[in-house]
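A short worksheet on the structure shown next.
The values are calculated or read from the model by the stated rules, or taken from the named source; none is laboratory data. As the structure is a computational prediction, the values presented were derived from the model and not from experiment. Every residue, glycine as well, gets a Cβ built from its backbone with ideal geometry; the counts of neighbours run over all protein chains shown. Just so you know, the surface numbers come from the protein's heavy atoms only, side chains and all, with ligands and any DNA or RNA stripped out. Shrake-Rupley method; radii C 1.70, N 1.55, O 1.52, S 1.80 Å.
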Amino acid sequence: MQTTATRTRTFRSDAAIAVWTPEGALTHRELDSWSNRLARVLLGMGAGPGAVVAVAVEPLIEDLVTRTAIAKIGATAVPAGTQVPAPAFGVTTEDARGALGDTIPWLVLDDRSTLLRYLTGSDAPLTDAELNGLRPAS
């Protein structure tokens, strides 16, 4: 039996708009590509299935890409400042970084070294090997 999610994915056009914000729009293909690259950066930090990741990202379009990447690696996104469950990692931007503290490692999206890793990384779908054989629930 085919689920609704499977039917939607099967008939979805990669060129259709997936995200529309005041900052712009992303197609399903673009959202998938951007979030795959960011997911690999997060995996490189040690985030993965079961991890809790704090998020303090603006603009909204970047926040949506970040949350999609976190879901792809089987982690859980929580707002920055959340104490329970305690995040092991965080994703933010330089503007928000100063107010967040140093209790967890932060991936700063607009940092030059992060941008280099992010923009030069593969946008191919994540593999089971990359996720240590674990996949997030669909």
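Worth a mention:
- Hits in region 97-113 - residues which are crowded, with 16+ Cβ neighbours inside 10 Å and part of a helix (DSSP H, G or I): Arg97
- Taking region 82-96 as the range and being open to solvent by 60 Å² or more (accessible area, probe 1.4 Å) and either free of Cβ contacts under 8 Å to residues at least 12 places away in the same chain or closer than 18 Å to Ala51 by Cβ (or both) as the test, the residues that pass are Gln83, Val84, Pro85, Ala86.
- Counting the residues of region 64-80 that are open to solvent by less than 20 Å² (accessible area, probe 1.4 Å) and either more than 10 Å from the chain's Cα centre (by Cα) or charged (D, E, K, R) (or both) gives 1.
- Those residues of region 26-42 which are open to solvent by less than 40 Å² (accessible area, probe 1.4 Å) and in contact (Cβ under 8 Å) with a residue 24 or more places away in the chain, in sequence order: Leu26, Leu31, Ser33, Ser35, Asn36, Arg37, Leu38, Ala39, Val41, Leu42
- In the condition set (1) at negative phi; (2) at pLDDT below 90; (3) open to solvent by 50 Å² or more (accessible area, probe 1.4 Å), Gly133 is compliant with all but (1).
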